[in-house]
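Below is one structure; the comments refer to it alone.
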Amino acid sequence: MNDATRTSANADALAGIEEPAAPEAQVDLATLIERQVTAALAEARKNDPVIAELQAKLAAAEKANVELVLKAEAKQLADQHAAGANESHASSKVRYAIVIDEARDPNEINPVFVSPNGRAYHIKRGVVVEVPREVVNVLNDAVEDRAVPRSDAQGMPNGFDVRKARRFPFQNYGMVVDAEGKRIERELPGLNTAV
């Protein structure tokens, strides 16, 4: 490329560049040229079908990667909950399959934290988990007083009765691992299982 062609190409490239209208403008000429060149390059990239196709593929790959990462994190979290409930330094190898009922109130604790004898268990609600006998005992002993409205003979409100209720209602499906560590075949309900 000779000097005349280079000068002509530079003149064509600079033809669309506007200079600041007034000296009060705080943007210097170099910044303005840089912005306009960047915008022109971005516009040229948009119009190139190969670049547009590659950008679309890249965006799809990034989206797929984000979905895979989220699925992997969710699986890892579920595995941690299951491992936390199954892993134990309990007094025996005996395990019971339980399900702590789903919470009716969105402010309820999930997962449920149980700590018999200083051993911590985080038990996710609505999932079948295997726990040692100590956890079952703690859940059985976790009761609270609930006020139940009382009515008189005409059905009119007449105060409250206080009744004991489980703090964490749960279902116990019985022993699934015996004292020797052997699994007992047991049919469990069709719930999410983490056993």
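We did not get these values from a lab; they are worked out from the coordinates using the rules stated. Note that the coordinates shown come from a computational prediction; the quantities given were computed from them, not determined experimentally. Ideal geometry is used to build each Cβ from the backbone, glycine not excepted, and the neighbour counts take in all protein chains shown.
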Lys/Arg Cβ at +1, Asp/Glu Cβ at -1, dipole of the stretch 88-193 taken about the Cα centre: which of 99, 111, 181 is farthest positive-ward?
-> 181
Order by protection proxy (mean Cβ within 10 Å, highest first), peptides 172-183, 153-164 | 172-183, 153-164
In whole angstrom, the spacing between the Cα centers of the stretch 33-68 and the stretch 95-164 equals 54
Over the stretch 88-193, relative contact order from alpha-carbon pairs under 8 Å, at least 6 apart, % | 34
If each K or R counts +1 and each D or E counts -1, the residues other than residue 69 whose Cβ falls under 14 Å of its Cβ total 0
Simple Cβ-charge dipole of the stretch 88-193, Lys/Arg +1 and Asp/Glu -1, about Cα centre, in debye nearest 20 | 200
Hey, which lysines would be in cross-link range of residue 75, C-alpha to C-alpha under 23 Å, not counting anything within fewer than 8 residues on its own chain?
-> 63, 124
